[in-house]
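Read the structure below first, then the notes.
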(Lines give C-alpha, C1' and ligand atoms only; values in the text may rest on other atoms or scores of the structure.)
Protein backbone atom coordinates (compact mmCIF):
# COMPACT_ATOMS: atom_id res chain seq x y z
CA UNK A 1 0.00 0.00 0.00
CA UNK A 2 1.02 3.63 -0.38
CA UNK A 3 1.75 5.54 2.81
CA UNK A 4 3.56 8.67 3.98
CA UNK A 5 6.64 7.83 6.04
CA UNK A 6 8.35 10.39 8.28
CA UNK A 7 12.13 9.98 8.22
CA UNK A 8 13.19 13.07 10.16
CA UNK A 9 13.14 16.85 10.16
CA UNK A 10 11.11 18.07 7.16
CA UNK A 11 11.59 14.69 5.51
CA UNK A 12 8.40 12.81 4.66
CA UNK A 13 8.16 10.46 1.68
CA UNK A 14 5.25 8.65 0.06
CA UNK A 15 6.30 5.04 -0.44
CA UNK A 16 5.01 1.53 -0.99
CA UNK A 17 4.80 0.00 2.48
CA UNK A 18 4.04 -3.68 3.15
CA UNK A 19 0.74 -4.39 4.85
CA UNK A 20 1.35 -5.85 8.30
CA UNK A 21 -0.30 -9.11 9.34
CA UNK A 22 -2.91 -8.61 12.03
CA UNK A 23 -2.29 -9.70 15.59
CA UNK A 24 -5.09 -10.89 17.86
CA UNK A 25 -7.56 -8.10 18.58
CA UNK A 26 -6.30 -5.79 15.84
CA UNK A 27 -8.33 -4.27 13.01
CA UNK A 28 -7.36 -3.08 9.56
CA UNK A 29 -9.20 0.04 8.39
CA UNK A 30 -9.46 1.11 4.76
CA UNK A 31 -8.99 4.87 5.07
CA UNK A 32 -11.66 7.04 3.48
CA UNK A 33 -10.71 10.44 4.93
CA UNK A 34 -7.50 11.83 6.44
CA UNK A 35 -6.99 15.40 7.60
CA UNK A 36 -3.91 17.52 8.23
CA UNK A 37 -3.28 18.80 11.74
CA UNK A 38 -1.16 21.47 13.38
CA UNK A 39 0.46 18.78 15.51
CA UNK A 40 1.53 16.93 12.36
CA UNK A 41 3.06 20.16 11.05
CA UNK A 42 5.02 20.58 14.30
CA UNK A 43 6.20 16.97 14.05
CA UNK A 44 7.23 17.51 10.43
CA UNK A 45 9.25 20.59 11.38
CA UNK A 46 10.94 18.92 14.37
CA UNK A 47 11.30 15.50 12.79
CA UNK A 48 9.82 13.60 15.74
CA UNK A 49 7.53 13.72 18.77
CA UNK A 50 8.92 12.05 21.87
CA UNK A 51 5.57 10.56 22.90
CA UNK A 52 3.69 10.20 19.62
CA UNK A 53 6.10 9.22 16.86
CA UNK A 54 9.74 8.25 16.42
CA UNK A 55 10.98 8.05 12.81
CA UNK A 56 11.07 6.28 10.53
CA UNK A 57 7.33 5.80 10.96
CA UNK A 58 4.08 6.12 9.07
CA UNK A 59 2.58 9.57 9.53
CA UNK A 60 -0.74 11.32 10.29
CA UNK A 61 -3.41 10.71 12.93
CA UNK A 62 -6.84 12.10 11.97
CA UNK A 63 -8.83 9.53 10.02
CA UNK A 64 -12.03 7.63 9.39
CA UNK A 65 -12.79 4.67 7.17
CA UNK A 66 -14.18 1.16 6.79
CA UNK A 67 -13.06 -2.00 8.57
CA UNK A 68 -11.51 -4.26 5.95
CA UNK A 69 -10.04 -7.04 8.13
CA UNK A 70 -10.48 -8.18 11.72
CA UNK A 71 -8.77 -10.58 14.09
CA UNK A 72 -11.18 -11.24 16.92
CA UNK A 73 -11.45 -7.55 17.80
CA UNK A 74 -14.22 -6.34 20.10
CA UNK A 75 -15.36 -2.94 21.37
CA UNK A 76 -15.15 -3.16 25.16
CA UNK A 77 -17.52 -0.20 25.57
CA UNK A 78 -20.45 -1.81 23.74
CA UNK A 79 -19.33 -5.44 23.93
CA UNK A 80 -19.87 -5.82 20.17
CA UNK A 81 -17.45 -7.55 17.84
CA UNK A 82 -16.02 -5.52 14.98
CA UNK A 83 -16.94 -6.76 11.50
CA UNK A 84 -15.67 -6.16 7.99
CA UNK A 85 -17.69 -3.30 6.50
CA UNK A 86 -18.18 -1.36 9.75
CA UNK A 87 -17.86 2.39 9.19
CA UNK A 88 -15.63 3.81 11.92
CA UNK A 89 -13.65 6.73 13.24
CA UNK A 90 -10.39 5.90 14.97
CA UNK A 91 -8.82 7.98 17.74
CA UNK A 92 -5.05 8.44 17.81
CA UNK A 93 -4.58 6.95 21.28
CA UNK A 94 -6.08 4.84 24.04
CA UNK A 95 -5.47 4.70 27.80
CA UNK A 96 -4.57 1.58 29.76
CA UNK A 97 -7.51 1.79 32.17
CA UNK A 98 -5.42 0.55 35.09
CA UNK A 99 -2.96 3.24 36.19
CA UNK A 100 -3.57 5.88 38.90
CA UNK A 101 -4.84 8.50 36.43
CA UNK A 102 -7.16 6.10 34.62
CA UNK A 103 -8.66 5.01 37.95
CA UNK A 104 -9.09 8.71 38.82
CA UNK A 105 -11.04 9.21 35.55
CA UNK A 106 -8.16 11.21 34.03
CA UNK A 107 -7.49 8.88 31.10
CA UNK A 108 -5.99 11.74 29.10
CA UNK A 109 -3.08 11.62 31.58
CA UNK A 110 -2.66 7.84 31.41
CA UNK A 111 0.84 6.70 32.33
CA UNK A 112 0.78 4.13 29.52
CA UNK A 113 -1.07 6.01 26.77
CA UNK A 114 -0.42 4.36 23.39
CA UNK A 115 -0.53 6.40 20.18
CA UNK A 116 -1.47 5.59 16.59
CA UNK A 117 0.02 7.13 13.45
CA UNK A 118 -0.43 6.31 9.79
CA UNK A 119 -3.50 8.24 8.63
CA UNK A 120 -1.78 9.38 5.44
CA UNK A 121 -2.07 5.96 3.84
CA UNK A 122 -4.44 3.66 2.02
CA UNK A 123 -5.05 1.62 5.15
CA UNK A 124 -3.99 1.40 8.77
CA UNK A 125 -3.68 -1.33 11.39
CA UNK A 126 -5.46 -0.31 14.59
CA UNK A 127 -3.86 -1.78 17.75
CA UNK A 128 -6.06 -4.01 19.89
CA UNK A 129 -6.35 -1.51 22.76
CA UNK A 130 -7.45 1.33 20.48
CA UNK A 131 -9.85 -0.95 18.60
CA UNK A 132 -11.36 -1.95 21.93
CA UNK A 133 -11.58 1.48 23.57
CA UNK A 134 -11.30 4.30 21.05
CA UNK A 135 -12.64 3.13 17.70
CA UNK A 136 -16.26 4.19 17.32
CA UNK A 137 -18.95 3.11 14.86
CA UNK A 138 -20.44 5.79 12.59
CA UNK A 139 -24.06 6.24 11.67
CA UNK A 140 -24.85 5.35 8.06
CA UNK A 141 -25.47 8.98 7.14
CA UNK A 142 -22.28 10.33 8.76
CA UNK A 143 -19.79 11.48 6.14
CA UNK A 144 -16.24 10.20 6.52
CA UNK A 145 -14.71 13.67 6.09
CA UNK A 146 -16.90 14.96 8.92
CA UNK A 147 -16.02 12.03 11.17
CA UNK A 148 -12.29 12.60 10.67
CA UNK A 149 -12.66 15.76 12.80
CA UNK A 150 -13.43 13.69 15.90
CA UNK A 151 -9.92 13.55 17.41
CA UNK A 152 -9.17 17.30 17.52
CA UNK A 153 -12.77 18.06 18.46
CA UNK A 154 -12.53 15.63 21.39
CA UNK A 155 -9.57 17.65 22.71
CA UNK A 156 -11.69 20.79 22.44
CA UNK A 157 -14.59 19.08 24.22
CA UNK A 158 -12.13 18.34 27.03
CA UNK A 159 -11.17 22.04 27.10
CA UNK A 160 -14.78 23.24 27.07
CA UNK A 161 -15.70 20.97 29.96
CA UNK A 162 -12.58 21.84 31.96
CA UNK A 163 -13.37 25.56 31.47
CA UNK A 164 -17.02 25.01 32.49
CA UNK A 165 -18.46 27.15 29.73
CA UNK A 166 -22.11 28.09 30.22
CA UNK A 167 -24.71 30.09 28.34
CA UNK A 168 -24.33 33.87 28.45
CA UNK A 169 -20.61 33.99 29.22
CA UNK A 170 -18.30 36.31 27.31
CA UNK A 171 -15.55 34.14 25.83
CA UNK A 172 -12.29 35.18 24.18
CA UNK A 173 -10.50 32.66 21.98
CA UNK A 174 -6.92 33.62 21.16
CA UNK A 175 -6.00 31.82 17.96
CA UNK A 176 -8.05 31.18 14.83
CA UNK A 177 -6.54 27.87 13.77
CA UNK A 178 -8.59 24.65 13.64
CA UNK A 179 -8.60 24.28 17.44
CA UNK A 180 -9.59 27.89 18.06
CA UNK A 181 -12.37 27.62 15.49
CA UNK A 182 -13.69 24.44 17.12
CA UNK A 183 -13.84 26.31 20.43
CA UNK A 184 -15.89 28.98 18.65
CA UNK A 185 -18.32 26.39 17.29
CA UNK A 186 -18.89 24.68 20.64
CA UNK A 187 -19.00 27.88 22.70
CA UNK A 188 -21.52 29.40 20.30
CA UNK A 189 -23.59 26.21 20.45
CA UNK A 190 -23.64 26.53 24.25
CA UNK A 191 -24.96 30.09 23.98
CA UNK A 192 -21.79 32.04 24.73
CA UNK A 193 -20.83 35.40 23.24
CA UNK A 194 -17.53 34.69 21.49
CA UNK A 195 -14.72 37.04 20.46
CA UNK A 196 -11.77 35.70 18.44
CA UNK A 197 -8.30 37.21 18.24
CA UNK A 198 -6.21 35.81 15.42
CA UNK A 199 -4.51 36.22 12.09
CA UNK A 200 -5.18 35.47 8.42
CA UNK A 201 -8.30 36.74 6.72
CA UNK A 202 -9.62 33.31 5.72
CA UNK A 203 -9.46 32.04 9.30
CA UNK A 204 -11.10 35.13 10.79
CA UNK A 205 -13.85 34.85 8.20
CA UNK A 206 -14.33 31.23 9.25
CA UNK A 207 -14.67 32.40 12.86
CA UNK A 208 -17.41 34.85 11.86
CA UNK A 209 -19.20 32.13 9.90
CA UNK A 210 -19.12 29.90 12.98
CA UNK A 211 -20.80 32.60 15.06
CA UNK A 212 -18.11 34.78 16.60
CA UNK A 213 -19.70 38.14 17.45
CA UNK A 214 -16.38 39.94 16.97
CA UNK A 215 -13.03 39.10 15.39
CA UNK A 216 -9.81 40.96 16.09
CA UNK A 217 -6.97 40.82 13.58
CA UNK A 218 -3.79 40.87 15.66
CA UNK A 219 -1.52 41.27 12.63
CA UNK A 220 1.95 39.98 13.42
CA UNK A 221 0.76 38.63 16.77
CA UNK A 222 2.42 41.32 18.87
CA UNK A 223 0.32 43.63 20.97
CA UNK A 224 -2.51 41.14 21.43
CA UNK A 225 -3.66 42.73 24.69
CA UNK A 226 -3.80 46.25 23.25
CA UNK A 227 -5.54 45.13 20.05
CA UNK A 228 -8.19 43.13 21.89
CA UNK A 229 -8.84 45.85 24.48
CA UNK A 230 -9.24 48.52 21.82
CA UNK A 231 -11.58 46.37 19.75
CA UNK A 232 -13.73 44.87 22.51
CA UNK A 233 -13.70 47.46 25.34
CA UNK A 234 -14.27 44.66 27.87
CA UNK A 235 -12.70 41.85 29.82
CA UNK A 236 -13.89 38.26 29.44
CA UNK A 237 -15.37 35.60 31.70
CA UNK A 238 -13.20 32.92 30.09
CA UNK A 239 -10.11 33.22 27.89
CA UNK A 240 -8.99 30.26 25.80
CA UNK A 241 -5.38 30.39 24.63
CA UNK A 242 -5.25 28.25 21.47
CA UNK A 243 -1.92 29.35 20.00
CA UNK A 244 0.76 27.76 22.14
CA UNK A 245 3.22 30.64 22.56
CA UNK A 246 4.50 32.08 25.87
CA UNK A 247 3.55 35.62 24.86
CA UNK A 248 -0.09 34.66 24.25
CA UNK A 249 -0.22 32.72 27.54
CA UNK A 250 0.86 35.95 29.25
CA UNK A 251 -1.65 38.00 27.24
CA UNK A 252 -4.52 35.69 28.18
CA UNK A 253 -4.13 36.48 31.89
CA UNK A 254 -4.42 40.21 31.19
CA UNK A 255 -7.67 39.86 29.25
CA UNK A 256 -9.80 37.90 31.72
CA UNK A 257 -12.08 39.59 34.26
CA UNK A 258 -11.71 39.32 38.03
CA UNK A 259 -12.85 35.90 39.12
CA UNK A 260 -12.56 34.61 35.57
CA UNK A 261 -10.93 31.55 34.04
CA UNK A 262 -7.96 31.15 31.70
CA UNK A 263 -7.39 27.89 29.85
CA UNK A 264 -3.83 27.54 28.55
CA UNK A 265 -4.93 25.08 25.89
CA UNK A 266 -2.14 25.64 23.37
CA UNK A 267 1.00 23.69 24.22
CA UNK A 268 4.18 25.80 24.08
CA UNK A 269 7.52 24.47 22.82
CA UNK A 270 9.40 22.31 25.31
CA UNK A 271 11.54 24.28 27.73
CA UNK A 272 9.79 27.62 27.34
CA UNK A 273 8.68 29.66 30.35
CA UNK A 274 6.21 32.45 31.04
CA UNK A 275 6.20 35.45 33.40
CA UNK A 276 2.88 36.17 35.09
CA UNK A 277 1.80 39.04 37.35
CA UNK A 278 1.30 37.37 40.73
CA UNK A 279 -0.53 40.40 42.15
CA UNK A 280 -3.02 40.30 39.29
CA UNK A 281 -3.57 36.55 39.63
CA UNK A 282 -3.99 36.63 43.42
CA UNK A 283 -6.14 39.71 43.90
CA UNK A 284 -8.27 38.97 40.85
CA UNK A 285 -8.94 35.46 42.18
CA UNK A 286 -8.23 33.93 38.78
CA UNK A 287 -8.68 30.28 37.89
CA UNK A 288 -5.94 29.06 35.56
CA UNK A 289 -5.81 25.61 34.04
CA UNK A 290 -4.48 23.70 31.07
CA UNK A 291 -6.39 21.04 29.13
CA UNK A 292 -4.55 18.19 27.43
CA UNK A 293 -5.62 15.54 24.92
CA UNK A 294 -8.88 13.58 25.17
CA UNK A 295 -10.56 10.58 26.80
CA UNK A 296 -12.75 7.78 25.44
CA UNK A 297 -15.77 9.71 26.71
CA UNK A 298 -14.84 12.99 24.97
CA UNK A 299 -14.12 11.06 21.75
CA UNK A 300 -17.70 9.85 21.80
CA UNK A 301 -19.06 13.26 22.83
CA UNK A 302 -17.21 14.84 19.90
CA UNK A 303 -18.80 12.39 17.48
CA UNK A 304 -22.21 13.26 18.95
CA UNK A 305 -21.60 16.94 18.15
CA UNK A 306 -20.57 16.02 14.60
CA UNK A 307 -23.52 13.71 14.02
CA UNK A 308 -25.84 16.42 15.38
CA UNK A 309 -24.48 18.87 12.79
CA UNK A 310 -22.86 21.25 15.30
CA UNK A 311 -19.47 20.72 13.67
CA UNK A 312 -18.90 19.68 10.07
CA UNK A 313 -16.00 19.66 7.67
CA UNK A 314 -17.28 22.44 5.41
CA UNK A 315 -16.30 24.96 8.10
CA UNK A 316 -12.80 23.56 8.59
CA UNK A 317 -11.55 21.91 5.41
CA UNK A 318 -10.29 24.54 2.99
CA UNK A 319 -8.06 22.44 0.75
CA UNK A 320 -7.79 19.06 -0.97
CA UNK A 321 -4.51 17.34 -1.88
CA UNK A 322 -3.60 13.88 -3.18
CA UNK A 323 -1.45 11.63 -1.00
CA UNK A 324 1.25 11.56 -3.67
CA UNK A 325 1.85 15.30 -3.13
CA UNK A 326 1.81 15.26 0.66
CA UNK A 327 5.54 16.15 0.95
CA UNK A 328 4.94 19.25 -1.21
CA UNK A 329 1.96 20.22 0.93
CA UNK A 330 3.91 20.06 4.20
CA UNK A 331 6.83 22.02 2.72
CA UNK A 332 4.31 24.66 1.65
CA UNK A 333 2.71 24.65 5.11
CA UNK A 334 6.06 25.41 6.76
CA UNK A 335 6.17 28.67 4.77
CA UNK A 336 2.84 29.82 6.17
CA UNK A 337 -0.19 27.58 6.57
CA UNK A 338 -3.08 29.43 4.95
CA UNK A 339 -5.55 26.52 4.96
CA UNK A 340 -7.55 25.68 8.06
CA UNK A 341 -7.39 21.94 7.39
CA UNK A 342 -6.60 19.96 4.25
CA UNK A 343 -8.33 16.75 3.22
CA UNK A 344 -5.86 14.18 1.91
CA UNK A 345 -7.13 11.87 -0.83
CA UNK A 346 -5.21 8.70 -0.04
CA UNK A 347 -5.81 6.96 -3.38
CA UNK A 348 -4.62 9.79 -5.62
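The values are calculated or read from the model by the stated rules, or taken from the named source; none is laboratory data. Note that the structure is predicted; figures quoted are calculated from it, not measured. Virtual Cβ from ideal backbone geometry, glycine too; neighbours counted across all protein chains shown.
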Check your understanding: Applying the selection to region 199-233, what residues are farther than 22 Å from residue 159 by Cβ and touching a residue at least 60 places away in the same chain (Cβ under 8 Å)?
Key -> 202
Study note, to complete from the structure: Over region 7-34, the set of residues assigned to a strand (DSSP E or B) and in contact with a helix residue (DSSP H, G or I) (Cβ under 7 Å, 6 or more places away or on another chain) is 12, 13, 14, 27, 32, 33
Review point. Take the residues of region 128-157 that are surrounded by 21 or more Cβ atoms within 10 Å (Cβ to Cβ) and part of a loop (DSSP other than H, G, I, E, B): which is nearest to the chain's Cα centre (by Cα)?
Key: 149
Point to revise | Which listed residue is closer than 23 Å to residue 345 by Cα, in the same structural domain as residue 124 (by TED's automatic domain parsing) and at pLDDT below 95, from 51, 42 | key: 42
Review point. Quick check: is even one residue across region 171-181 surrounded by fewer than 22 Cβ atoms within 10 Å (Cβ to Cβ) and either in contact with a strand residue (DSSP E or B) (Cβ under 7 Å, 6 or more places away or on another chain) or farther than 30 Å from residue 327 by Cα (or both)?
Key: no
**Study point:** Answer residue from region 312-322, given it is surrounded by 18 or more Cβ atoms within 10 Å (Cβ to Cβ) and in a strand (DSSP E or B) and is farthest from the chain's Cα centre (by Cα) among those
**Key:** 321
Practice item. Quick one: residue 282 ticks every box in (1) surrounded by 15 or more Cβ atoms within 10 Å (Cβ to Cβ); (2) more than 25 Å from residue 116 (Cβ to Cβ) except a single one, so which number is it? Key: (1)
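Residues checked against (1) buried (at least 19 other Cβ atoms within 10 Å of the Cβ); (2) free of Cβ contacts under 8 Å to residues at least 24 places away in the same chain; (3) in contact with a strand residue (DSSP E or B) (Cβ under 8 Å, 6 or more places away or on another chain); (4) assigned to a helix (DSSP H, G or I):
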| position | (1), (2), (3), (4) |
| --- | --- |
| 291 | yes, no, yes, no |
| 299 | yes, no, yes, yes |
| 305 | yes, no, no, yes |
| 310 | no, no, no, no |
| 324 | no, no, yes, yes |
| 327 | no, no, yes, yes |
| 336 | no, yes, no, no |
| 339 | yes, no, yes, no |
Check your understanding: Considering only region 185-195, how many residues are closer than 17 Å to residue 256 by Cα and under 18 Å from the mean Cα position of the chain (by Cα)?
Key -> 1
